[in-house]
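Asks: Below you will find the structure I want to go over with you.
No lab work stands behind these numbers, since they all come straight from the coordinates. This structure is a prediction, so every number in the text was calculated from the model and none was measured. Here the Cβ positions follow ideal geometry from the backbone for every residue, glycine too, while neighbour counts run over all protein chains shown.
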Amino acid sequence: MARTATAQRRRRATMRQRTRDANGGRNSGATAAASHHDAGPYVPHTDDLGELRAAASSCRGCPLHADATQTVFGAGPRTARVVLVGEQPGDREDREGEPFVGPAGTLLRRALDAAGLDESAVYFTNAVKHFKFTVPEGKKRRIHKAPSLREMTACRPWLVAELAAIQPRLVVALGATAGRALLGTPFRLGDHRGTLEPLPGGDAREGEPDMPAAEVLVTVHPSAVLRAPDRDAAYRGLVADLRVVARAVARA
């Protein structure tokens, strides 16, 4: 079984390389990448966040780019010791081009402050870089729609590149989509919430950088706090989880 799996991985890697070569290089393999739900060919081999952000603006690695206003890449210092990973941009993030600038982001920043984490030293990003939404018939407002596993997997090379560039001490998965992107599937938020565990790093694809030697903590997405029947209790739970992160950073 192990030999078969290894052979399959090698065949897939060879096919990806042939596609890139046929299209004249890594970034020009756009048509093939889009049809196969894979952002990998768009990700440059660099640890410069500015270059990654610029390249992400033209990503066509999955169909979500077609309806979104723009790519919403991560934001924050390269020296950040903590990276917060959400699900995807919301309506306001899609319009402004920055992560966590809507109501959920406002609540998250308040929770960071309550937990003793300096938001200016934190990097904010999402597992998926384009806003997925639906517009109900007869309405104008765009309603958030959760990304599929295929879409999340397609976008994962951007998240891996961000983490490899920043080399954080801790990564916080905000919600189930971020948890799956970081820890794999199957995934249940309740099985991981509030505890520190090693960030898996042994599944890098061909040409993809390694994950940093970091720890990951899973908690709820701040939008879940906003929707909770008991918002105060949900907020206290989020702050308690972030305090685990703050204590770990202080010990490092």
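Asks: Straight-line reach from LYS140: which aspartates and glutamates fall under 15 Å, measuring Cα to Cα and dropping same-chain residues less than 8 apart?
Replies: ASP67, ASP91
Asks: Scaled to the compact-protein estimate 2.2 N^0.38 Å, what is the alpha-carbon radius of gyration of the range 80-133, rounded to two decimal places?
Replies: Normalised Rg, Cα atoms only: 1.11.
Asks: What is the calculated FRET efficiency for GLU197 to ILE143, with r their C-beta to C-beta distance and R₀ = 25 Å, to the nearest 0.05?
Replies: E(calc), rounded to 0.05, equals 0.15.
Asks: What number results when the radius of gyration of the range 82-214, computed over Cα atoms, is divided by 2.2 N^0.38 Å?
Replies: So the Cα radius of gyration is 1.08 times the expected 2.2 N^0.38 Å.
Asks: Grab the beta carbon distance between ALA252 and ALA75, set R0 = 30 Å, and tell me the FRET efficiency rounded to 0.05.
Replies: The calculated FRET efficiency here is 0.85.
Asks: Testing the spin-label approximation: label points 7 Å from Cα along Cα→Cβ at ASP48 and ASP113. State their distance in nm.
Replies: 3.6
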